[in-house]
Amino acid sequence: MEFDQELKFRDEFPPNAYEEWKKAVVDSLKGADFDKVMRTKTYEGITLDPIYRREDIMQLGFLDNLPGESPYLRGSDPHRFLSEGWLVSQSFNEADPPKLNAEILKELNLGVTAVNLKLAHSDDPRGLRLDSPATLKTVLNGVDLQAAPLFMQLDISESGVLNWLEQYAAEKKIELAALTAGVGLDPTGELIRKGYLELPLEESWQKMLEAVRWAVEKAPRVRVISIDATIHEAAGASTVQELGFALSTAICYLQGLGASGYEVDQVAPLFQVKLSLGANFFLEIAKIRAFRLMWAEIIKAFGGNETSQKIWIHGQTGHFNKSIYDTYVNVLRTATEGFAGVIGGVDSLEIGCFDELVSPPSEFSRRIARNQQIILKEEAHFNKVIDPAGGCYYVEAMTQELADKAWSLMQELEKDGGIVRLARSGRIQSMVAEMAKTRVADTHKRKNVFVGVNMYANPEERTTATIADGQIPKVEKAVELEAGPLPKLRAVQGLETLRSEIQASSANKQICLLNMGSVAEYKARADFALGFFQPGGFDVINPDGFATPEEASAAALKTGAAAFCVCSTDDNYQTLVPRLCELLPGKNLILAGFPADMTESYKQQGIKAFIHIRADLYDTLRDVAKLMGVVK
């Protein structure tokens, strides 16, 4: 056999024009609307096209920029990235200082490359209570902060930690001016997160100025301003809201520092931002790149040079989409989120433990979270490729669109007085609450699938007790938001609470399916009913099909179930429903399906609930549980 024949792929497989592709798709839709079927709307108000082409990004102004060049959306320090990669910055939340030190040293030997301390705050007592220089010394004993940078998110009342860090550096003979760290304050984010500040606004700002002065004069590589945008994601905000709020916060600080006499080139290197990483893989990649683009534009607008247009981005896996049921699915969620963060180009990354909602992270769960990063770095070698998403038509277009929408939101916030004023008026809280309500509603309707909770649930699973919040100390509140803080929510929280309530009830939780007719007639709806009731923790009896209503009712009564769900076709229901209602008077009868022209008639005959693909899972399960006397 000879292999010297020249291959001419372009001749044999000529490219198709977009119009040809679209015509083929439209033909395959058989009359369905192309825009409705093939275009997807996101919570950010962005409509995703089914295909992206070179023509969609030709007008973008950043395509020719290389890594390390302004506006830095392809990475601000390619040489550091290729030599070190991103920092594996897993969170340490042990409260006992000696135990915490031992955990840090162990994790550093296992692949962690940063010391990221979770501090106990007045609104969340979990974590380390950093109350003295001696505590800091104990925690960092044996740690080389030049090799493993320190990260801490400080509340404004904890600004003295910077002086303790200086003392520690002097004692260990560490040159403070050369020390790189992310130990920062974010009083605006703190106010929104907690709903109050323990110090008056003027005093809080003075603490901020003291921190900036300390960094400018002594520690220019310590990022003392740490904008925590993850608080918005944890409350259910959209990606555009998270980005817009972070930008508005940055502008608030830059304007205040400028009014206090600082040049933008002095203070810009002191910023870092913490961004959440959510479930929408490509959107999260674009979010990181979009923030770099917008940050460069903001610093340029303030008169900053190109070096000052760089920003350190710390990625943290999201909170809103995690579950306390089927917790191992959280591993899949964080894997996707961490992957997106790496592809997007975070400078440091924190992946949450899969069981952190239900118990203190164990050695096993810490290992899983840590190894997710190590696999991405050491096995997938993503630390050897700079901006792997660069040039992807979809990602580049999404980067620009996210930046445009977040920028517009920032302008709107600034026009109306800035983020602090709007938080005090309650507007920030109401904006996030409206978005969270929509996202939760979509979860209840199963537009957003959460495996193990609203879909494919294991009804026999029981959760362990969730982590106790601990004793929240009483503090003096010098400034308080009338609308309160942003809540910390999860999309499936309501469903999980309902399921726990149902499982804890001593009432009869059995639902028997009345599968009528042949397998072809009942199976689809029987499978649907099984998947519908299981997220509520009901005990579903799924027998073989019944030939007659008499046979079905007799078998159903023998089960002693508290409710019965009829599963068959709409055509069959016209004769089955009247007879079953007659044979099972007063029983809790549910119908799988929603034949709109017959629902009122079926209700009058005795059907008490309908389950169908458009039903609100939470509301329907609660109604069924009430019918059965399982919940009040």
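What follows draws every value from the coordinates through simple rules; no lab data is involved. Quick caveat: nothing in here was measured; it's all calculated off a predicted structure. Counting neighbours? That spans all protein chains shown, and the Cβs are built from the backbone with ideal geometry, glycine included.
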> Does region 340-460 come out rounded, prolate or oblate by the C-alpha gyration tensor, with a ≥ b ≥ c the root eigenvalues, rounded set by a/c under 1.5 and, if not, prolate when a/b is larger than b/c and oblate if not?
Replying inline: oblate
> Which value in Å does the Kirkwood hydrodynamic radius of region 238-281 take, with 1/r averaged over all unlike C-alpha pairs and then inverted?
Replying inline: 11.9 Å
> What do you get when you divide the Cα radius of gyration of region 9-50 by 2.2 N^0.38 Å, with N the number of residues?
Replying inline: 1.52
> How many nm separate the modelled label positions at T135 and A555, each set 7 Å beyond the Cα in the direction of the Cβ?
Replying inline: 6.5 nm
> Expressed in whole Å with the largest first, what are the equivalent ellipsoid semi-axes of the chain derived from the C-alpha gyration tensor as the square root of 5 times each eigenvalue?
Replying inline: 49, 32, 24
> Rounded, prolate or oblate: which fits region 316-381, taking a ≥ b ≥ c as square roots of the Cα gyration tensor eigenvalues, rounded meaning a/c under 1.5, else prolate when a/b beats b/c?
Replying inline: prolate
> Which percent, nearest 5, of DSSP beta bridges in the chain are antiparallel?
Replying inline: 10 percent
> So who's got an amide H within less than 5 Å of the one on E198, skipping anything under 5 residues away but keeping other chains? H placed 1.01 Å off N, in plane.
Replying inline: A478
> Hey, rough spin-label estimate for T307 and Q206, points 7 angstrom out along Cα→Cβ, what's it come to in nanometres?
Replying inline: 3.3 nm
>> Report the Cα centroid-to-centroid distance between region 329-352 and region 485-521 in angstrom, as an integer.
In response: 30 Å
>> For H314, H121, which order do you get if you count the other beta carbons within 10 Å of each Cβ and list the fewest first?
In response: H121, H314
> For region 78-432, what's the relative contact order in percent, using C-alpha pairs closer than 8 Å and at least 6 residues apart?
Replying inline: 18 percent
> With contacts defined as alpha carbon pairs under 8 Å and 6 or more residues apart, what's the relative contact order of region 505-627 in percent?
Replying inline: 27 percent
> Whose amide H sits under 5 Å from the amide H of L277, counting only residues 5 or more places off or on another chain, with H placed in the peptide plane?
Replying inline: Q316, T317, G318
>> Which of rounded, prolate or oblate describes region 505-627 when judged by the alpha-carbon gyration tensor and an a/c cut-off of 1.5?
In response: rounded
>> Taking the beta-carbon count within 10 Å as an exposure proxy, list E521, E600 from fewest neighbours to most.
In response: E600, E521
> Which of the lysines could a cross-linker bridge to K608, judged by Cα under 26 Å and excluding same-chain residues fewer than eight apart?
Replying inline: K445, K447, K509, K523, K558, K587, K626, K632
> When only Cα pairs under 8 Å and 6 or more residues apart are kept, what is the percent relative contact order across the chain?
Replying inline: 14 percent
> Once both labels are modelled 7 Å past Cα along the beta-carbon direction, what's the E84-D35 spacing in nm?
Replying inline: 5.0 nm
>> For the ranges 102-112, 12-22, 486-496, what's the packing order if you count other beta-carbon atoms within 10 Å of each residue, average per peptide, and put the highest first?
In response: 486-496, 102-112, 12-22
>> As a test of the formula, what do you get for the chain when each DSSP H run with n ≥ 4 contributes -39,500 (n - 2.57) and the sum is divided by the residue count, at 222 nm and rounded to the nearest 500 deg cm²/dmol?
In response: -13500 deg cm²/dmol
>> I'd like the distance separating the alpha-carbon centroids of region 1-73 and region 379-395, in whole Å.
In response: 18 Å
> Once the Cβ-Cβ distance between Q255 and S425 is put in as r, and R0 is 25 Å, what FRET efficiency do you end up with, to the nearest 0.05?
Replying inline: 0.85
>> How much of the DSSP bridge set in region 78-432 is antiparallel, in percent, rounded to the nearest 5?
In response: 5 percent
